[in-house]
1. What number of residues within the stretch 99-128 are within 16 Å of ligand 2 (Cβ to nearest atom) and polar (S, T, N, Q)?
2. If a residue must be at negative phi, within 12 Å of ligand 1 (Cβ to nearest atom) and out of contact with any helix residue (DSSP H, G or I) (no Cβ under 8 Å at 6 or more places or on another chain), how many such residues does the stretch 237-266 contain?
3. Which ones in the stretch 1-23 are open to solvent by 70 Å² or more (accessible area, probe 1.4 Å) and of a type in the set (Val, Ile, Thr)?
4. Please find, among ALA216, ALA148, ALA131, ALA204, the residue that is open to solvent by 40 Å² or more (accessible area, probe 1.4 Å) and either more than 10 Å from ligand 2 (Cβ to nearest atom) or not assigned by the TED database to the domain that holds SER250 (or both).
5. Just wondering, is there one or more residues in the stretch 224-243 that are farther than 30 Å from VAL162 by Cβ and not hydrophobic (A, V, I, L, M, F, W, C)?
6. Considering the stretch 42-74 alone, what residues qualify as being surrounded by 14 or more Cβ atoms within 10 Å (Cβ to Cβ) and over 19 Å from the mean Cα position of the chain (by Cα)?
7. Can you tell me which residues in the stretch 151-172 are surrounded by fewer than 18 Cβ atoms within 10 Å (Cβ to Cβ) and either farther than 30 Å from GLY53 by Cβ or among the charged types (D, E, K, R) (or both)?
8. Considering only the stretch 352-396, state which residues are more than 12 Å from ligand 2 (Cβ to nearest atom) and either surrounded by 22 or more Cβ atoms within 10 Å (Cβ to Cβ) or β-branched (Val, Ile, Thr) (or both).
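The values are calculated or read from the model by the stated rules, or taken from the named source; none is laboratory data. All values reported here derive from a predicted model rather than from experimental measurement. Because the Cβ atoms are built from the backbone with ideal geometry, glycine has one as well, and the counts that use them run over all protein chains shown. Protein only, heavy atoms only, side chains kept; ligands, DNA and RNA dropped before computing areas. Shrake-Rupley method; radii C 1.70, N 1.55, O 1.52, S 1.80 Å.
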Amino acid sequence: MEIIDVDDIVAKVEDFYRISGLWTEEERDVQHAVRHFVDEQIKPFAGQWWQAGEFPVSLIPELGRLGVLGSNLPEEYGGSALSPLAYGLIMQELERGDSGLRSFASVQGALAMYAIYRYGSEEQRRQYLPAMASGQVIGCFGLTEPDAGSDPASMLTKAHQVGDDYVLSGTKRWITNGHLADIAIVWAKDDTGTIRGFIVPTDAPGFSARPIHTKASMRMSATSELYLDGVHVDQSLQLPHAKGLGAPLSCLTQARYGIAWGAIGAAMDCLVEAATYAKTRVAFGRPIAATQLVQERIVDMQTRLVSMQLMARQLGWLYQNGQLDYAHVSLAKRHNARAALEIARMSRELLGGNGISTDYASIRHMANLETVDTYEGTYEIHTLIVGRNLLGEEAF
Ligand code: TGC
Ligand code: FAD
């Protein structure tokens with residue numbers, strides 16, 4: 001059998017266009033640190049955790065020490081003030097391990113922490129953000145409901161004002177980190193019908209979180225249903241600057257940015273696996289890599305990966321230079337989630353029978369990417385966001 005150099009395959013397919021030459025030294029260092037952590041502590045075990053439907057909670061303090069939770073937020077709030085590109089590279093490396101790991105960090109940083117950072121009072125920022133950056137306090141973000149997903153404006157959860165305080169009632173579904181969380185950012189309509197945000201301690205009377213066990217995707221991620229049965233929330237826990245749907249949607253923009261990068265990591269892992277397998281798997285007396293149809297498949301995967309990388313890199317540039325519009329993010333989330341899913345499907349197929357086993361990563365990434373393509377706005381919703389931006393016509 002041919003001796004193959006996996007490092008050579010990794011170097012070639014992961015950076016075919018030498019995009020890493022564009023990173024600063026700090027961005028490269030951050031990427032390498034997270035990559036090392038994922039190679040050592042996630043990849044060897046991800047298949048088992050995924051099969052068992054378990055999130056590795058014991059690693060949360062290490063994620064905090066690595067600085068991947070809210071890493072782009074200011075240092076005074078426990079963040080590392082990293083550039084959008086460094087933040088993107090972190091998401092990429094986490095999702096090389098598993099989309100569920102990236103999801104944990106996305107929800108903690110880009111949704112829960114960002115909501116407090118952008119819409120909270122100074123007191124709320126100082127109380128929660130440093131503890132969340134270190135992983136001591138875990139957050140979730142409750143926007144979606146059983147009957148309101150793509151159209152969150154139709155949410156039914158209510159925040160009824162009683163004096164200065166609120167009483168929250170309703171149900172949130174498909175909430176990442178829900179049953180792990182210490183606090184839930186809950187979006188609800190006040191008595192005037194305006195959407196407001198609340199920091200809800202998950203031990204508050206009337207609050208409960210139940211795990212959803214029936215998932216065939218994102219099995220390593222904790223996903224839950226949240227029940228709010230007359231939960232009394234003190235006024236000090238209301239996010240004072242969040243008024244209207246634009247507030248939760250702006251948090252989604254942050255998380256979608258990270259997803260556009262994260263999908264690259266899952267795609268890279270699949271392409272490396274497929275290329276390595278093609279070089280070692282022999283059929284009809286030669287490695288399958290030496291057949292035209294397999295080469296075409298690998299080149300199709302490589303083309304998609306490079307297009308994802310170029311799009312994410314330019315998205316980061318727009319972000320860094322203050323020119324980012326949420327429609328830019330939608331285009332990249334839509335493209336990269338779908339392209340990664342296609343790459344994972346091609347890799348799974350190339351691995352033949354082994355491709356359906358979680359001894360290999362491709363099927364796990366493939367199943368996870370079905371969620372990535374759906375959550376944070378489905379492929380169709382992002383089509384309509386970009387369509388509206390280009391054509392000036394609402395078509396939802
Ligand atoms: P619309 O009239 O378009 O917008 C209301 C206000 O919000 C502003 N806005 C945004 N601002 C920042 N970022 C965005 N992405 C924004 N989208 C809209 C908009 O300018 C407007 O502002 P203003 O000042 O004029 O009031 O609202 P609409 O009701 O027509 O809805 C539009 C639509 C369909 C695009 C929106 O509802 C949508 O994005 N739906 C998809 C819902 C979604 O993505 N849910 C995700 C839930 S969280 C999740 O999935 C976490 S997964 C875990 C992980 O991240 O890993
Ligand atoms: P629906 O809105 O019911 O859509 C069903 C189908 O109809 C989709 O294909 C959609 O594209 C299509 N559709 C809808 N409207 C239109 C239209 N106008 N034109 C064309 N097609 C349309 N949410 C949170 O708030 N917090 C979380 O942490 C979170 N984590 C999640 C984790 C997982 C594992 C999953 C699966 C979901 C998570 N979500 C979370 C929810 C996620 O954001 C929603 O599932 C997603 O936004 C889609 O909403 P829905 O499932 O209600 O689908």
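1. Looking only at that region, the number is 4.
2. Number satisfying all stated conditions: 2.
3. Within the stretch 1-23, just ILE3 meets the criteria.
4. On the way: ALA148 fails: open to solvent by 40 Å² or more (accessible area, probe 1.4 Å); ALA131 fails: open to solvent by 40 Å² or more (accessible area, probe 1.4 Å); ALA204 fails: open to solvent by 40 Å² or more (accessible area, probe 1.4 Å).
Sole residue among the options that is open to solvent by 40 Å² or more (accessible area, probe 1.4 Å) and either more than 10 Å from ligand 2 (Cβ to nearest atom) or not assigned by the TED database to the domain that holds SER250 (or both): ALA216.
5. Initially, the stretch 224-243 is screened for residues farther than 30 Å from VAL162 by Cβ, giving none.
Scanning the stretch 224-243, I find no residue that is farther than 30 Å from VAL162 by Cβ and not hydrophobic (A, V, I, L, M, F, W, C), so the answer is no.
6. Once the filter is applied, which keeps residues that are surrounded by 14 or more Cβ atoms within 10 Å (Cβ to Cβ) and over 19 Å from the mean Cα position of the chain (by Cα), the stretch 42-74 yields only PHE45.
7. ASP151, ALA153, SER154, LYS158, HIS160, GLN161, VAL162, GLY163, ASP164, ASP165, VAL167
8. The initial filter retains those residues of the stretch 352-396 that are more than 12 Å from ligand 2 (Cβ to nearest atom), namely 352-366, 386, 389-393.
If the condition is that a residue be more than 12 Å from ligand 2 (Cβ to nearest atom) and either surrounded by 22 or more Cβ atoms within 10 Å (Cβ to Cβ) or β-branched (Val, Ile, Thr) (or both), then ILE356, THR358, ALA361, SER362, ILE363, ARG364, HIS365, MET366, VAL386 are the ones that fit.
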